[in-house]
């Protein structure tokens, strides 16, 4: 099967050896298109085993990455619910706030929680606070409100693990919870659990959702990427979900590492009609794959499980 997403010939784009300090792994970066440069808010697993988030910037989004002098979010900054690390952020431009909203995992002593923050420059950050109690992760904000409410996708650890949607009037108090995209079960490629990847992408036909799906095989879990489409005005309604995956770990740098057989994305950007999807490979390095948006949209609709 020919995959729609095409890997960059420069993969891996960033490895631990590219950092200006010692670290075990770099992966799962949130993405912000700053027009004149691309910013990745990278998850770095340090030699302590805990993770922090630090910004890297590039003029072309492929090479020449420059790292900020200090982490934007770090467990040493004194927040109790982040004592075990901060992980896997998704970045969304929020028009009404005129700021970037950051949904991330606060790894508390009680388990992973969903926390929110905002920034205008990625050099300073304002923590909004805990949004969802443990055990919950894989959260991403929508860029605009629906009937006056913010919306967020996330994955509470109930059963295997499904994508839910919740709503808030102020980004602090969340409710109206609804199961949105369940794991399929059985032998499916996304049968064990699913979680949102980049923040929802607005198109004329609906909100494009790239998500990861997990299948348990004899050698352990395999993480792949798939796609679904949500109603433009009612994101709590799924209008299409592709049967097949978009990207599967096949390259050596995706199949070998701290978490073998894993492709996992937290961020993307759109250039002209092309999706640039940044992804972590085997929980060790950062990579890039691209595809034309019309091809992805056609894929979701023609491969719709319904």
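For the range 170-220 and the range 101-157, write down the distance between their C-alpha centroids in whole Å.
Between the Cα centres of the range 170-220 and the range 101-157 lies a distance of 16 Å.
Could you tell me the center-to-center distance, by alpha carbons, between the range 232-305 and the range 13-59 in angstrom?
For the range 232-305 versus the range 13-59, the Cα centre distance is 19 Å.
Report the calculated FRET efficiency for residue 243 and residue 58 (r = Cβ-Cβ distance, R0 = 41 Å), to the nearest 0.05.
Efficiency at R0 = 41 Å is approximately 0.70.
Just the ratio, please: alpha-carbon radius of gyration of the chain over 2.2 N^0.38 Å, N its number of residues.
Rg over 2.2 N^0.38 Å, computed on Cα atoms: 0.91.
Using the beta-carbon distance between residue 95 and residue 218 and R0 = 35 Å, what value does 1/(1 + (r/R0)^6) give for FRET efficiency, to the nearest 0.05?
E between residue 95 and residue 218, to the nearest 0.05, is 0.15.
Using only DSSP helix segments of four residues or longer, with each worth -39500 (n - 2.57), what per-residue ellipticity at 222 nm results for the chain after dividing by its residue count and rounding to 500?
-1000 deg cm²/dmol
Which whole number of Å³ per residue matches the convex hull of the alpha-carbon atoms in the range 176-256?
108
Looking only at the range 227-270, which residues have a backbone nitrogen under 14 Å from a spot 7 Å from the Cα of residue 147 in the C-beta direction?
Taking a point 7 Å out along Cα→Cβ of residue 147, the residues of the range 227-270 whose backbone N falls under 14 Å are 233-237.
Could you work out the relative contact order of the range 122-265, using alpha carbon pairs under 8 angstrom and six or more residues apart, expressed as a whole percent?
15 percent.
Calculate, axis by axis, the spread of Cα positions in the range 83-156 along the three principal axes, and write the results as whole Å, longest axis first.
Its Cα atoms span 34, 30, 16 Å along the three principal axes.
Just check the range 57-117 against the gyration tensor rule for me: Cα atoms, a ≥ b ≥ c as the square roots of the eigenvalues, rounded for a/c under 1.5, and otherwise prolate or oblate depending on whether a/b exceeds b/c.
oblate
Top mean-square fluctuation among 236, 257, 175, Gaussian network model of the chain, C-alpha springs under 10 Å?
Result for the chain, Cα springs under 10 Å: 175 fluctuates most.
Can you give the percent of C-alpha pairs in the range 149-306 whose distance is more than 25 Å?
29
Please sort 76-83, 45-52, 204-211 by packing, taking for each peptide the average over its residues of neighbouring beta carbons within 10 angstrom, highest first.
204-211, 45-52, 76-83
With r as the distance between the Cβ atoms of residue 34 and residue 232 and R0 = 22 Å, compute the FRET efficiency 1/(1 + (r/R0)^6) and round to 0.05.
For R0 = 22 Å, the calculated efficiency reads 0.25.
Pick from 194, 217, 135: which residue has the top mean-square fluctuation in a GNM of the chain where Cα pairs under 10 Å get a spring?
Comparing 194, 217, 135 in a Gaussian network model of the chain, the most mobile one is 217.
Using the Cα gyration tensor of the range 44-174, with a ≥ b ≥ c the square roots of its eigenvalues, what is the shape: rounded (a/c below 1.5), prolate (a/b larger than b/c) or oblate (neither)?
The shape class here is oblate.
Throughout, read-outs are computed from the coordinates displayed, never taken from laboratory work. Since this is a predicted model, take the numbers as computed values, not measurements. Cβ: placed from backbone, ideal geometry, glycine included. Neighbour counts: every protein chain shown.
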